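**Q** Before anything else, here's the structure in question.
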Amino acid sequence: QVQLVESGGGLVQAGGSLRLSCAASGRTLSTYDMGWFRQAPGKERKFVGANSRSGLRTYYEDSVKGRFAISRDNAKNTVYLQMNSLKPEDTAVYYCAASTVVAASSSLRDYNYWGQGTQVTVSS
């Protein structure tokens with residue numbers, strides 16, 4: 001079983017950047033497909049992007065394509081979400097998740113393990 005801890009959230013002005021980290025313990029992340037999701041106040045948790053365990057496949061939700069990028073550092077057992085050109089509508093709690101079921105899925109139900117989330121607030 002893997003434990004996930006997100007960090008790197010904070011308050012940033014529109015147009016700025018943040019890099020979120022998702023550090024794993026208990027198991028190596030290279031055995032999991034990883035996803036990032038976000039949940040804005042009063043709204044459902046939604047898919048942001050996902051990366052297959054091989055690292056060869058990465059998918060993004062349309063609104064973040066070209067602005068967000070997922071990467072892995074297997075030596076640090078950490079997955080990152082680099083967020084550039086941030087917009088106020090990106091404000092949400094961001095979660096990383098690990099899946100043993102489906103590669104790079106956009107569906108919450110395919111992820112077995114979740115972190116506690118990190119708040120990202122983008123001011124206009």
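**Q** Between residue 117 and residues 5 or more places away or on another chain, which pairs have amide H atoms under 5 Å apart, with H built 1.01 Å from N, and which residues are they?
**A** Hits under the 5 Å cutoff: 6, 96.
**Q** May I ask you to compute the full-extension gain from residue 19 to residue 62, defined as 0.36 nm times their residue separation minus their alpha-carbon distance, rounded to one decimal in nm?
**A** The residue 19-residue 62 span can extend by a further 13.6 nm.
**Q** Using each residue's phi in the stretch 34-48, evaluate 6.51 cos²θ - 1.76 cosθ + 1.60 at θ = phi - 60° and report the 3J(HN,Hα) Karplus result to the nearest Hz, with x for Gly and Pro.
**A** For the stretch 34-48, the Karplus curve yields 10, x, 10, 10, 9, 9, 7, x, x, 10, 6, 6, 10, 5, 10 Hz.
**Q** For the stretch 20-76, with every protein chain kept in place, what is the accessible area per residue (1.4 Å probe, Å²)? Walk me through the intermediate numbers first.
**A** Working: 3060 Å² over 57 residues.
I get 54 Å² per residue for the stretch 20-76.
**Q** Find which of 120, 107, 81 sits farthest along the positive direction of the dipole of the stretch 60-124, computed with +1 on the beta-carbon of Lys and Arg, -1 on that of Asp and Glu, about the Cα centre.
**A** 81
**Q** Continuing with this model, one more query. Scale the Cα Rg of the chain by the rule-of-thumb value 2.2 N^0.38 Å and send over the ratio, two decimals. Don't skip to the answer; put the middle values down first.
**A** Details: Rg = 13.3 Å, N = 124, 2.2 N^0.38 = 13.7 Å.
The reported ratio for this selection is 0.96.
**Q** Please report the net charge: other residues with Cβ closer than 12 Å to the Cβ of residue 33, K and R +1, D and E -1. It would help to have the intermediate numbers written out before the result.
**A** Values: positive: 53, 57, 72; negative: 110.
Surrounding charge for residue 33 is +2.
**Q** What does the extension gain come out to for residue 106 and residue 76, with contour length at 0.36 nm per residue minus their alpha carbon separation?
**A** Working: separation 30, 0.36 × 30 = 10.80 nm, distance 2.47 nm.
Net length gain for the segment: 8.3 nm.
**Q** Report the charge-dipole magnitude of the chain in Debye, nearest 20, computed about the Cα centre from +1 at each Lys and Arg Cβ and -1 at each Asp and Glu Cβ. Don't jump to the answer; show the numbers that get you there.
**A** On the way: 14 positive and 9 negative charges, 26 e Å.
About 120 debye.
**Q** On to the next question. What stretch of the chain, leaving out the sites themselves, is the longest with no trypsin sites (Lys or Arg not before Pro) in a DSSP loop having at most 14 other Cβ atoms within 10 Å? Can you show the working numbers first?
**A** Numbers: sites that count: 43, 57, 65, 76.
Excluding the exposed sites themselves, the longest stretch runs over 77-124.
**Q** Could you work out the relative contact order of the chain? I mean the mean sequence separation of Cα pairs under 8 Å and 6+ apart, divided by the number of residues, in percent.
**A** 36
The values are calculated or read from the model by the stated rules, or taken from the named source; none is laboratory data. This one's a predicted model, so the numbers in the text were calculated from it and none came from an experiment. A quick note on method: Cβ atoms are made from the backbone with ideal geometry, for glycine too, and the neighbour counts reach across all protein chains shown. We work out accessible area using only protein heavy atoms, side chains counted, and drop any ligands, DNA or RNA first. Shrake-Rupley method; radii C 1.70, N 1.55, O 1.52, S 1.80 Å.
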